[in-house]
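Here is the structure we will look at, set down as structure tokens.
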Amino acid sequence: MSRAYLAFTAKGEALAHRLAEALPGSVSRCGGDVTLKGWTAEHFAQDEALIFVGAVGIAVRAIAPHCRSKAADPAVVVVDEGGNFAVPLLSGHLGGANALARALAKACGAVPVITTATDINGLFAVDLWAKAQNCAVLEPERIKRVSGALLAGKTSCSSVSRIRPSCAASSSASFS
């Protein structure tokens with residue numbers, strides 16, 4: 001997974017370097033030639049994970065213009081500069097932000113703040129299952145229907161089909 005860290009203060013930059021030792025990625029600090037807007041545009045387009053070491057509000061405002069869909073967006077996690085909390089903001093399951101937040105938290109002794117309903121309720125997450133099976137969810141908008149049904153205590157039917165049976169990487173899942 002390609003990762004990029006962005007810090008805003010000297011303390012945050014020190015933490016970003018510490019985190020990058022455990023979970024490798026490039027480290028930058030806002031200021032001078034590095035602007036929040038420019039850094040976010042560049043790394044949102046090229047990296048699989050963005051880690052902001054600073055305030056959640058800054059990260060939310062920075063990524064907002066770039067957000068497209070849960071199937072396309074990179075993982076985005078915020079770690080406060082004190083290393084107290086790791087908060088996945090975007091692409092928790094498909095992009096791996098929840099797992100990344102847990103790993104970052106472990107690396108610095110923070111608490112991962114996972115808010116995904118299926119996770120906190122200990123329920124099956126169809127998008128995590130598809131990812132683990134090396135499948136692509138053809139209609140990601142259906143993920144919330146399946147998750148909503150499970151959260152409401154209902155059952156949900158699904159079907160799995162392979163586009164090219166000889167290539168596991170080309171598998172796809174369809175959920176109704």
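Bear in mind that the values in this text are calculations on the coordinates, not laboratory data. Note that the structure is predicted; figures quoted are calculated from it, not measured. Counting neighbours? That spans all protein chains shown, and the Cβs are built from the backbone with ideal geometry, glycine included.
Before moving on, here are some points about what is shown:
- Mean Cβ neighbour count within 10 Å, used as a protection proxy, ranking 143-149, 82-88, 46-52 highest first: 46-52, 82-88, 143-149
- The chain: proportion of alpha-carbon pairs further apart than 29 angstrom, %: 26
- For 127, 33, 80, 119, order by how many other beta-carbon atoms lie within 10 Å, fewest first: 33, 119, 80, 127
- Cα-Cα pairs of the stretch 1-55 separated by more than 19 Å (percent): 18
- Based on Cα contacts under 8 Å between residues 6+ apart, the stretch 73-133 shows a relative contact order of 28 percent.
- Gyration tensor verdict on the stretch 44-100 (Cα atoms; rounded if a/c is under 1.5, prolate if a/b is larger than b/c, oblate otherwise): oblate
- Cα-based Kirkwood hydrodynamic radius, the stretch 67-160, one decimal, Å: 14.0
- Simple rule: put +1 on each Lys or Arg Cβ and -1 on each Asp or Glu Cβ in the stretch 43-162, find the dipole, and look at 148, 116, 104; the Cα lying farthest toward the positive end is 148.
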